[in-house]
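Reviewing the structure listed below.
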Amino acid sequence: MNYLDRNEFNFEPSQKVLDAVKNFDAKDLCFYTRIYDQGKKSVISVRVSEIYGVPEEQVLLAYGGEEILKNAIHYFLSINSQKDATEPNTKILIPEFSWWYYNRVASECGGTFEMYPLYEQEDTFAYNVDEVIEYTNRIHPRMLLLASPNNPTGNSLTSEEIGRIMENIPSDTMVLVDEAYASFITSDVDYIAPLVNKYSNLIISRTLSKFYGLPGLRTGFGFIGKGHDQFLSYSNKYLGFNRFAEAVALAALDSDEHYRRVAEDMEWDRQLFKKELGNVPGFKVYKSVANFILIKYPTAIKEKLQKALAAQDYKIKFMTDKGLEDCLRITLGRREQIQTVVDTIKQCLA
Ligand SMILES: Cc1ncc(COP(=O)(O)O)c(C=O)c1O
């Protein structure tokens, strides 16, 4: 099966990752990690702390970005909603078009969510930063979610824009910036430490699932501002992290060159979509900065296309989100896979 529907990785893992899997000593699983004797969470958080220049205590580690999100929303909306208020603040602000799971997690713990709009421009969607600030001040939510790049629209925020939002919103609104796809835009991570050092109400979440191509490893990491001991004790694992995942994660974090090459190869996919579908009536190929691309298409071909792709064992995402029902989200995969998808779409138009 060719899975191009969930922003996974259709390429080869790095040699270091393959070696780490092959050379892992199963006897290591007979013992808990001892790194917590040194007051650290994991060898991963230690390495992430070195790479990102953020103190290890402020590094979050979890079962995917998914769990960072879940821990933060559950903790701040239900366990630690504002203590001095008579009514707990369970409001959370979410981007209009975004990963469906945000709403699900907010609903799980009784969160009341509101959407702030994203605006469609010529070939992309965009945040209106001033409006996000205005909205946050007006609604005063316990949490504000930002995704950069956003899934499925692919638009992102600059570090200056994140800083501007942080500077101009209430300091008791926890902001979670979901950067699951951020490594595809740039290898620059120097902006993270100054932001989390300055703003105690900021969480930045990342993952090994996308750029590092290891969604099956279930490893996410992130960063939180200072002074959140209770949240850390809630979200940290008392007996340590999965030791096999630790070994593989360290190898992946040490393989940037390999994964950067893969990410660069995805430009071929983007260009093919633009060249072959960009000027076809009924289509709009949005700008992509992550490992997926959003394409508006004539929905009259939906059934035919679904069948034609299924017949070749291909899966892409036919969007069902309100306002995006006429869009496809396609994971950027190997060249021959993308060629097949493009050819199939064109055949369905004939
Ligand atoms: C926007 C966004 N954030 C986070 C994730 C979580 O990924 P994981 O839990 O595998 O780290 C995904 C997965 O598709 C995603 O699209």
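Couple of notes before you dig in:
- Residue order, fewest to most surrounding Cβ atoms within 10 angstrom, among ASP313, ASP5, ASP178: ASP313, ASP5, ASP178
- In nm, spacing of pseudo-spin labels at ALA26 and LYS307 (7 Å Cα→C-beta vector): 4.8 nm
- The charge dipole of the range 32-253, taken about the Cα centre with unit charges on the Cβ atoms of Lys, Arg (+1) and Asp, Glu (-1), comes to about 1020 debye, rounded to the nearest 20.
- Computed from backbone phi, the HN-Hα couplings of the range 286-303 come to 6, 5, 10, 10, 10, 8, 9, 9, 9, 9, 7, 9, x, 5, 4, 8, 3, 4 Hz, rounded to whole numbers (Karplus: 6.51 cos²θ - 1.76 cosθ + 1.60, θ = phi - 60°; Gly and Pro given as x).
- Restricting the calculation to Cα atoms, every distinct pair contributes to the Kirkwood radius of the range 73-153, found to be 13.3 Å.
- Distances between placed amide hydrogens fall under 5 Å for THR207 paired with PHE221, all partners being 5 or more residues away or on another chain.
- Percent of alpha-carbon pairs separated by more than 23 Å within the range 116-208: 20 percent
- FRET efficiency, 1/(1 + (r/R0)^6) with R0 22 Å, evaluated for THR158 and GLU122 via beta carbons: 0.75
- With θ taken as phi - 60° and the Karplus curve 6.51 cos²θ - 1.76 cosθ + 1.60 applied, the whole-hertz 3J(HN,Hα) list for the range 309-318 is 6, 4, 5, 9, 6, 10, 10, 10, 9, 8 Hz, x standing for glycine and proline.
- Of all lysines in the structure, the ones whose alpha carbon falls short of 22 Å from that of LYS237, not counting any fewer than 8 places away in one chain, are LYS27, LYS40, LYS41, LYS70, LYS226.
- Efficiency of FRET between ARG138 and GLU325 - r from beta-carbon atoms, R0 25 angstrom, step 0.05: 0.25
- Distant-in-sequence amide contacts of TYR314, defined by a placed amide H-H separation under 5 Å and a gap of 5 or more residues or a different chain, comprise ASN2.
- Computed from the Cβ-Cβ distance with R0 of 41 Å, the FRET efficiency linking ARG260 to TYR234 stands at 0.75.
- Spacing of the two label points (7 Å from each Cα toward its C-beta) at ALA300 and LYS226, in nm: 6.3 nm
- Within straight-line cross-link reach of LYS275, lysines at Cα separation under 20 Å, skipping those fewer than 8 residues along the same chain: LYS284, LYS287, LYS296, LYS346
- Sequence ranges 319-325, 245-251, ranked by mean other-Cβ count within 10 angstrom, highest first: 245-251, 319-325
- 3J(HN,Hα) couplings calculated from phi for the range 340-350 with the Karplus curve 6.51 cos²θ - 1.76 cosθ + 1.60 (θ = phi - 60°) are, in sequence order, 4, 4, 4, 4, 5, 4, 5, 4, 5, 7, 5 Hz; Gly and Pro show x.
- Volume per residue of the C-alpha convex hull in the chain, rounded to whole Å³: 140 Å³
- Fewest-first ranking of SER42, SER148, using other Cβ atoms within 10 Å as the exposure measure: SER148, SER42
- Close amide H contacts of VAL189 (hydrogens built in the peptide plane, cut-off under 5 Å, sequence separation of 5 or more or a different chain): none are found.
- Length added when fully stretched, ALA350-ARG270, from 0.36 nm per residue minus Cα-Cα: 26.6 nm
- The chain - mean residue ellipticity at 222 nm from DSSP helices (-39,500 (n - 2.57) per run, n ≥ 4, rounded to 500): -11000 deg cm²/dmol
- In terms of surrounding Cβ atoms within a 10 Å radius of their Cβ, MET115, MET143 rank from fewest to most as MET115, MET143.
- The range 285-350 and the range 164-236: distance between their alpha carbon centers, rounded to Å: 31 Å
FYI, it's all coordinate maths here, none of it is from the lab. Keep in mind the model is a prediction, meaning the values are calculated, not measured. Cβ sites come from the backbone with ideal geometry, for glycine too, and all protein chains shown count toward neighbours.
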